[in-house]
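This report concerns only the one structure given below.
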Amino acid sequence: MAINTTTFESTLQTKLDDTTLAAKEMLLLGKALEATSGNIAVSDINAAGATKVSEINTVATNTFKTVGGTSILGSGDIATLPSQSGASGKVLKSDGTNAAWAADEEGKIKKVSYFENGSRIVCSRSANTTAMTFTTSFVKDEDSTDLIVSGVVPIRCAGQDWSGASIRFDGVTYYRGITYVRAPGTTYESAYHFNLRLTGVSAGSGKSIYFGWYTDDSNPYCYNPNSSDHSRKSQGSTSTITIHEVSSVAT
């Protein structure tokens with residue numbers, strides 16, 4: 001049965017507080033208390049205790065937070081994330097004290113394109129010559145992105161000690177970031193290496209990329225030398241270009 005001792009405790013306390021209570025009445029009151037306590041079954045006490053435990057568990061379940069399904073108790077604060085409202089696709093960054101959502105953009109590689117040309121091409125001496133075609137179908141996805149362009153062009157040297165090589169990208173000529181690595185002999189194998197960052201290139205398809213030179217007498221003898229230039233080049237050689245389309249980065 002359920003135990004409700006509220007009325008009993010109130011009445012008992014009133015009697016005990018009564019300083020005029022006779023000794024005989026006090027004795028009878030004690031016997032009544034003893035008899036009442038004796039009639040409480042152990043099972044009733046256990047049932048009442050189990051009810052209280054269940055109530056405590058319910059409070060704990062609905063009150064305490066969990067991390068990874070485990071309740072976290074103890075002193076101190078648990079660091080919380082900023083509101084996720086409006087933060088789709090963003091990353092969490094910290095200044096060492098505060099956490100905040102930020103765009104996952106700066107320097108992010110969004111696309112990589114690769115082209116090559118393995119044809120042996122005998123070069124002209126004329127200025128502004130687009131001697132070799134890497135592609136006529138490059139696709140840039142976004143207007144706001146930059147292009148990091150790198151590659152190598154094997155050549156047979158024609159003896160020039162300097163070279164005005166260039167890359168013509170979608171109709172615009174770029175010449176900075178291109179290095180001419182020249183062999184000591186006038187007809188030895190040499191190479192152009194380039195690594196440059198292009199900004200302001202609009203998005204779109206069908207873009208052409210050429211390699212050539214922009215000044216007179218800057219040409220090598222040929223691009224991509226093969227066995228016709230020397231027997232050791234029996235496997236030929238190939239010019240390559242790799243283009244990383246990235247979110248804008250600081251200069």
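Taken together, the values in this text are just the output of simple stated rules run on the coordinates, not laboratory data. Owing to the predicted nature of the structure, the values given are computational and were not obtained by experimental measurement. Every residue, glycine among them, receives a Cβ derived from its backbone with ideal geometry; neighbour counts consider all protein chains shown.
Some points to look at:
- Electrostatic tally near SER237: other residues with Cβ closer than 13 Å to its Cβ, Lys and Arg +1, Asp and Glu -1, net +1.
- Number of Lys pairs (Cα under 17 Å; 8 or more positions apart or on different chains) in the range 109-246: 4
- Taking a sphere under 10 Å around the Cβ of ALA203 and counting the other residues whose Cβ falls inside, with K and R at +1 and D and E at -1, yields a net charge of -2.
- Cβ crowding within 10 Å averaged over residues, with 167-176, 187-196 ranked highest first: 187-196, 167-176
- Residues GLU55, GLU245, GLU116, arranged from fewest to most other Cβ atoms within 10 angstrom of their Cβ, appear as GLU55, GLU116, GLU245.
- Modelled spin-label separation between THR51 and THR136, with each label point placed 7 Å from Cα along the Cα-to-Cβ direction: 9.1 nm.
- The range 111-182: equivalent-ellipsoid semi-axes (sqrt of 5 x gyration tensor eigenvalues, Cα, Å): 24, 14, 12
- In this simple spin-label approximation, PHE115 and ASN98 carry label points 7 Å from Cα along the Cα→Cβ vector, and these lie 4.7 nm apart.
- For the range 131-141, putting each phi into the Karplus relation 6.51 cos²θ - 1.76 cosθ + 1.60 with θ = phi - 60° gives couplings of 6, 10, 9, 7, 6, 10, 9, 5, 10, 9, 7 Hz, in residue order, rounded to whole numbers and with x for Gly and Pro.
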